[in-house]
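Note sheet for the following structure.
The values are calculated or read from the model by the stated rules, or taken from the named source; none is laboratory data. Just so it is clear, the model here is predicted, and its values are computed rather than measured. Quick reminder, even Gly has a Cβ in these numbers, built from the backbone with ideal geometry, and neighbours come from all protein chains shown. Calculation scope for accessible area: heavy atoms of the full protein, side chains included, ligands and nucleic acids excluded. Shrake-Rupley method; radii C 1.70, N 1.55, O 1.52, S 1.80 Å.
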Amino acid sequence: METKFESNVREINAPQEKVYSVLSDLSRLEQMKEKMNGIVDADKLDNFSFTADTLTANIPPVGGITLRIVEREEPKMIKFETEQSPMPFNLWIQLLPVTEATCKMRLTIKASMNPFIKGMISKPLHEALEKMAETIAGVNYENL
């Protein structure tokens, strides 16, 4: 059974094109680590590594997760797919302009899971998705 989780829409104080250029080249996220202090605990940031197309995270108690960019639609969408994960899923970052200087973003996860697993992980997965959206929206993109 395919299940879809969506974050709330977040407004970002940066132009859509700038946000897209940073998020579509994951190696640029390495620069964001320092700027994310205070948004995310510093010890948790050490669990992340990046290449241009992949993000790998070690998330206790889940373990290692690797996401790879499988589709880019400039400047409005980036689609990820799991390469390594206890549960395969897809993640989309959708960006829409609000003004020339701001945009809005929504994160979406789609995963195939049975009803038992869905009942166990729906709440924590949605909370993690919201935290991820909050973190992405809180970055100062102009300095990257």
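Only one of these is surrounded by 13 or more Cβ atoms within 10 Å (Cβ to Cβ), more than 15 Å from residue 23 (Cβ to Cβ), of a type in the set (Ser, Thr, Tyr) and in contact (Cβ under 8 Å) with a residue 24 or more places away in the chain: 56, 51. Name it.
Values: 51 fails: more than 15 Å from residue 23 (Cβ to Cβ).
Sole residue among the options that is surrounded by 13 or more Cβ atoms within 10 Å (Cβ to Cβ), more than 15 Å from residue 23 (Cβ to Cβ), of a type in the set (Ser, Thr, Tyr) and in contact (Cβ under 8 Å) with a residue 24 or more places away in the chain: 56.
Going through (1) crowded, with 16+ Cβ neighbours inside 10 Å; (2) within 18 Å of residue 130 (Cβ to Cβ); (3) at pLDDT 95 or above one by one, residue 75 falls short only on (2). Scanning region 130-141 for any residue that is touching a Lys or Arg at 6+ places or on another chain (Cβ under 8 Å) and of a type in the set (Gly, Ala, Ser) turns up at least one such residue. For region 95-133, what are the residues that are in contact with a Leu (Cβ under 8 Å, 6 or more places away or on another chain), open to solvent by 70 Å² or more (accessible area, probe 1.4 Å) and modelled with pLDDT of 95 or more? Passing the criteria: only 104. The numbered conditions (1) crowded, with 16+ Cβ neighbours inside 10 Å; (2) touching a residue at least 40 places away in the same chain (Cβ under 8 Å) are all true for residue 142 except (1).
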